[in-house]
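Student: First, the structure itself, so that you have it in front of you.
The values are calculated or read from the model by the stated rules, or taken from the named source; none is laboratory data. The model shown is predicted, which means the values in this text are computed figures rather than measured ones. Because the Cβ atoms are built from the backbone with ideal geometry, glycine has one as well, and the counts that use them run over all protein chains shown.
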Amino acid sequence: MDENTASELQAKLRTAAEALRVMEERATAGRLALEIMHEIRNPLEALGNLTYLCLQDSDQPEKVQYFMRLAQEQLETVKRISDHTLAFARHSGDPRPTDLVSVTEAALRIHLREIRTKHVHLVKELPGELFVNVHSGAMLQVISNVIVNALDALALEGTLHFRLYKLPGAVQLLIADNGHGISMENSGRVFEPFFTTKGERGTGLGLALSKDIVESYHGTIRLRSSVQPGRSGTIFKISLPA
């Protein structure tokens, strides 16, 4: 293969990889949108009930005022949820200051039903907020991909631990599970494109794309894992400059 042909193939591979990354990001955003709809349903139902009560007691101003105050609280809840959701659709342009706490919470929201189904014990050590210059949608994809792998590894009533903290010049997010772990043979390959141990259930692209995204922000993503009985589990460490 001559040099020109090799360069053309590399360019096509880069284009295909970028298209795949965008598709994966949109799919992640779509899953988030579905979970958001479930989350918005409760305040919307509350608003409907409060409107009904206002009409029923329209001749009692004090009750109407009380119900309207409750309705205003529900509207604020809907607004807060929608504002956070819209942020994940804005990938165009340069990276911007993004609160990784909000991104982590949104990624957890995507998988909340599976977390509840498996009775996973969540441990969160998250600050009030912690900003880094990234695209929120891309980082949502990264964290969601790591959560998918953790949930696949966890048995019923397992533990999923998140720790986000600031270091000099960097922000680090640790995502740890006490699942079955990854063998030493496979742990060195998990970031390879198309490598998977899940058979037909996996594409082997999630962690490879996550690595590309993190490195595009001059960050790193690493893992440590153990398959030792009674001490098995995996820790992913995502480090971003800050």
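Student: Within segment 140-167, work out how many residues are small (Gly, Ala, Ser) and surrounded by fewer than 22 Cβ atoms within 10 Å (Cβ to Cβ). Outline the logic, then answer.
Tutor: Of all residues in segment 140-167, those small (Gly, Ala, Ser) come to 144, 150, 153, 155, 158.
Add one more test, that the residue is surrounded by fewer than 22 Cβ atoms within 10 Å (Cβ to Cβ), and what stays is 153, 155, 158.
Qualifying residue count for the region: 3.
Student: Would you check which residues across segment 169-214 are in contact with a strand residue (DSSP E or B) (Cβ under 6 Å, 6 or more places away or on another chain), modelled with pLDDT under 85 and buried (at least 20 other Cβ atoms within 10 Å of the Cβ) and list them?
Tutor: Residues satisfying the conditions do not exist here.
Student: A follow-up question, please. Could you tell me whether segment 149-168 includes any residue that is modelled with pLDDT of 95 or more, assigned to a loop (DSSP other than H, G, I, E, B) and among the β-branched types (Val, Ile, Thr)?
Tutor: No; the residues of segment 149-168 include none that is modelled with pLDDT of 95 or more, assigned to a loop (DSSP other than H, G, I, E, B) and among the β-branched types (Val, Ile, Thr).
Student: Sticking with this structure for a sec: Only one of Leu86, Leu108, Leu122 is at pLDDT below 85 and either in a strand (DSSP E or B) or among the aliphatic types (A, V, I, L, M) (or both). Can you tell me which?
Tutor: Values: Leu108 fails: at pLDDT below 85; Leu122 fails: at pLDDT below 85.
Exactly one of Leu86, Leu108, Leu122 is at pLDDT below 85 and either in a strand (DSSP E or B) or among the aliphatic types (A, V, I, L, M) (or both), namely Leu86.
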